[in-house]
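Participant: Here you go, one structure.
Computed from the coordinates by the stated procedures, all read-outs in this text should not be read as laboratory data. Just so it is clear, the structure is predicted and the values come from calculations on it, not from any experiment. Counting neighbours? That spans all protein chains shown, and the Cβs are built from the backbone with ideal geometry, glycine included.
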């Protein structure tokens, strides 16, 4: 079966707890309300959300041969994600992140790198990429993809007729050079506001989006949290408002925005409506814990577009 979406890049396990406003001293302890764990990362997080939204989704990345890796693979397959291109690296731990969420939904990140940081670019991946409807690229910063191999993968996907989307996670300054290689093959570049400002040096997000367009991206939408998103997409310019919600956890909101946009776009929605669907998907995720939050499915998000209030001004 032809995949609707192939997500390529970082795969981790997120372990999330809330609310955590302080760490007990020494060996002290206290009770908290919730702990959850789920596959996450620019590739795996987007894959999980897109699968829940009804797409046929595959994931290309890497896990370790430890118990955590076994759990991640199980959780992905339980959600319907095709893991044939998810490699298991022997003797390498699975990338794992601990996220202590405070009472306002904010979270520091405690990350232990592992297999997810070095996903192999296999011949099987190169052969299957041209056959998918959309390839979502979340591998910038991986030494196995940077410097040319990632650009060749996207070139092959484009030659096969795939739409290409791209997201980032904690990019280093040198990521700008990699963006110059891959953005000419990217239809929709979807970075966060912090990432866009860091990479371009522009405080104004519209100017930052214009810089990415100048590097070769066909369209750019910069995710700006509770302030919505800034668009440089075809005739769409300016700010897309966010939905007003009670935020529980912002983990995976960026990945869910990407997955929501891809899901609606592949179902034939126009650009602006697909972006509204993306914002509503992120809103569903932000109201609960970890990768899925309160997300149930496509119809739930579609209904939320018409029922959730719009955030007035900047949050």
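Participant: Considering only DSSP beta bridges where both residues belong to the chain, give the percentage that are antiparallel (nearest 5).
Facilitator: Given both bridge residues lie in the chain, the antiparallel proportion sits at roughly 40 percent.
Participant: Hey, another quick one. Can you give the calculated 222 nm mean residue ellipticity of the chain, where each DSSP H run of n ≥ 4 adds -39,500 (n - 2.57) and the sum is split over every residue, rounded to the nearest 500 deg cm²/dmol?
Facilitator: Theoretical 222 nm ellipticity from helices: -10000 deg cm²/dmol.
Participant: Given Cα pairs under 8 Å that are at least 6 residues apart, what percent is the relative contact order of region 134-231?
Facilitator: Averaging sequence separation for qualifying contacts and normalising by length gives 24 percent for region 134-231.
Participant: Give me the extension gain from residue 34 to residue 177: residue separation times 0.36 nm, minus the current Cα-Cα distance, reported in nm with one decimal.
Facilitator: Contour length minus Cα-Cα distance gives 47.4 nm.
Participant: Suppose R0 equals 25 Å. What FRET efficiency, 1/(1 + (r/R0)^6) with r the Cβ-Cβ distance, do residue 294 and residue 2 give to the nearest 0.05?
Facilitator: Taking R0 as 25 Å, the efficiency between residue 294 and residue 2 is 0.25.
Participant: Using Cα centres only, tell me the gap between region 123-202 and region 42-117 in whole Å.
Facilitator: After rounding, the separation between the Cα centres reads 19 Å.
Participant: Once R0 is set to 25 Å, what does the formula 1/(1 + (r/R0)^6) return for the Cβ-Cβ distance between residue 206 and residue 104, expressed as a FRET efficiency to the nearest 0.05?
Facilitator: 0.35
Participant: In the Gaussian network model of the chain, springs joining C-alpha atoms below 10 Å, which of 135, 289, 199 carries the largest mean-square fluctuation?
Facilitator: Maximum among the listed residues: 199.
Participant: Just checking my list (i) 59, 44, 29; (ii) 56, 50, 39; (iii) 65, 47, 37 against Cα extents along the principal axes in Å computed from this structure; which label fits?
Facilitator: Comparing each candidate, only (ii) matches the computed number.
Participant: Could you work out how far apart the two model spin labels at residue 144 and residue 67 are, taking each label as a point 7 Å from the Cα in the direction of the beta carbon, and quote it in nm?
Facilitator: Label at residue 144, label at residue 67, 2.5 nm between them.
Participant: Could I ask something else about it? Once the piece of chain linking residue 273 and residue 213 is laid out straight, how much longer is it, given 0.36 nm per residue of separation minus the C-alpha distance between them?
Facilitator: Full extension of this stretch gives 19.5 nm more.
Participant: Based on the mean of other Cβ atoms within 10 Å per residue, sort peptides 3-13, 116-126 so the most packed one is first.
Facilitator: 3-13, 116-126
Participant: Quote the relative contact order of region 187-300 in percent (integer), defining contacts as alpha-carbon pairs under 8 Å separated by 6+ residues.
Facilitator: 19
Participant: Sticking with this one: Please tell me the relative contact order of the chain in percent, rounded to the nearest whole number, where contacts are Cα pairs under 8 Å and at least six residues apart.
Facilitator: Answer for the chain is 17 percent.
Participant: Shifting gears a bit: Can you grab the distance from the C-alpha centre of region 205-242 to the C-alpha centre of region 1-35, Å, no decimals?
Facilitator: About 29 Å separates the Cα centre of region 205-242 from the one of region 1-35.
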